[in-house]
1. Give just the number: which of (1) farther than 30 Å from Phe143 by Cα; (2) in contact (Cβ under 8 Å) with a residue 60 or more places away in the chain; (3) in contact with a Phe, Trp or Tyr (Cβ under 8 Å, 6 or more places away or on another chain) does Thr79 not satisfy?
2. If you go through the range 39-71, how many residues are under 17 Å from the mean Cα position of the chain (by Cα) and either hydroxyl-bearing (Ser, Thr, Tyr) or not in a helix (DSSP H, G or I) (or both)?
3. If you go through the range 51-65 one residue at a time, how many are in contact with a Ser or Thr (Cβ under 9 Å, 6 or more places away or on another chain), among the aliphatic types (A, V, I, L, M) and more than 11 Å from Met103 (Cβ to Cβ)?
4. Is one or more of the residues making up the range 72-86 open to solvent by 60 Å² or more (accessible area, probe 1.4 Å), assigned to a loop (DSSP other than H, G, I, E, B), over 30 Å from Tyr31 (Cβ atoms) and modelled with pLDDT of 90 or more?
5. Would you please name the residue that is most open to solvent (accessible area, probe 1.4 Å), looking only at residues in the range 129-149 that are within 19 Å of Ile33 (Cα to Cα) and without any contact (Cβ under 8 Å) to a residue 40 or more places away in the chain?
6. So which residues in the range 97-127 are more than 19 Å from Ile150 (Cα to Cα) and either touching a strand residue (DSSP E or B) at 6+ places or on another chain (Cβ under 9 Å) or open to solvent by 60 Å² or more (accessible area, probe 1.4 Å) (or both), if there are any at all?
7. Just name the residue that is nearest to the chain's Cα centre (by Cα) out of those in the range 87-96 that are among the polar types (S, T, N, Q) and loosely packed, with under 13 Cβ neighbours inside 10 Å.
8. Go over the candidates Ile76, Ile151 one by one and state the one that is in contact with a Leu (Cβ under 9 Å, 6 or more places away or on another chain) and β-branched (Val, Ile, Thr).
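The values are calculated or read from the model by the stated rules, or taken from the named source; none is laboratory data. Since this is a predicted model, take the numbers as computed values, not measurements. Because the Cβ atoms are built from the backbone with ideal geometry, glycine has one as well, and the counts that use them run over all protein chains shown. Heads up: the accessible areas ignore ligands, DNA and RNA and are worked out on the full protein's heavy atoms, side chains in. Shrake-Rupley method; radii C 1.70, N 1.55, O 1.52, S 1.80 Å.
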Amino acid sequence: MPKLTDRNFLFDLMAVVGTTVAPWQLFCQNYCILDKGVDKKDIAKETKETLFGSVFTIVIAGCMMALGSFAYFNHIPYTDVPTLLKTLSNILPTQVIFLFFLMVINASIIGTIGVSISTAYAYAEDKNLPRSLNNKISEAKNFYLYYFGIIICAGLFTLLPSLPLTQPDSPL
């Protein structure tokens, strides 16, 4: 059992809490509710939807952490998800590997959409521009341009072979 004084445990705890209760998520959810045209009578339904989404996300994150812990405590070396999946495919059933793959894809899509759309909302609000997914592209050109631009730039950065996206030799 990890101790609260363990530096690595505290770092992991901060990372999990930081990604679970992120300001961009709150900002994004606020705008999504506005975009959907939710009024007071729909708040209870939206609360249940948010609760379901939160629980679903936490279960997926827990499964991913469990699989990572399995690899760590069984001294299975890996540097990235494809390497981990390939190594674990020799140990675990194909169904488990496939589910883990789906979880990683799910997390990637949620991260891409959530961070990008909330940033686009913030940018458009700051510039006092039309900002709604209900608008046609011609009605909110800058909002959509910024939104798609962020996604494209992020994708391009991840494809650059010499750009280090992680720090494997980090002292943490």
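1. If we test Thr79 against (1) farther than 30 Å from Phe143 by Cα; (2) in contact (Cβ under 8 Å) with a residue 60 or more places away in the chain; (3) in contact with a Phe, Trp or Tyr (Cβ under 8 Å, 6 or more places away or on another chain), just (3) comes out false.
2. 3
3. We begin by selecting, within the range 51-65, every residue in contact with a Ser or Thr (Cβ under 9 Å, 6 or more places away or on another chain); these are 54, 57-58, 61.
Retained after the next criterion (residues that are among the aliphatic types (A, V, I, L, M)): 58, 61.
Right, trim to more than 11 Å from Met103 (Cβ to Cβ) and you get 58.
Counting residues in the range 51-65 that are in contact with a Ser or Thr (Cβ under 9 Å, 6 or more places away or on another chain), among the aliphatic types (A, V, I, L, M) and more than 11 Å from Met103 (Cβ to Cβ) gives 1.
4. No, the range 72-86 contains no residue that is open to solvent by 60 Å² or more (accessible area, probe 1.4 Å), assigned to a loop (DSSP other than H, G, I, E, B), over 30 Å from Tyr31 (Cβ atoms) and modelled with pLDDT of 90 or more.
5. To start, the set of residues in the range 129-149 that are within 19 Å of Ile33 (Cα to Cα) comprises 129-136, 140, 143-144, 147.
Within this subset, residues satisfying the condition of being without any contact (Cβ under 8 Å) to a residue 40 or more places away in the chain are 129-130, 135-136, 140, 143-144, 147.
On the way: Leu129: 38, Pro130: 64, Asn135: 41, Lys136: 136, Ala140: 3, Phe143: 1, Tyr144: 21, Tyr147: 27 Å².
Selected residue: Lys136.
6. If the condition is that a residue be more than 19 Å from Ile150 (Cα to Cα) and either touching a strand residue (DSSP E or B) at 6+ places or on another chain (Cβ under 9 Å) or open to solvent by 60 Å² or more (accessible area, probe 1.4 Å) (or both), then Phe98, Leu99, Phe101, Leu102 are the ones that fit.
7. For the range 87-96, the residue satisfying everything is Gln95.
8. Being in contact with a Leu (Cβ under 9 Å, 6 or more places away or on another chain) and β-branched (Val, Ile, Thr) holds for just one of Ile76, Ile151, which is Ile76.
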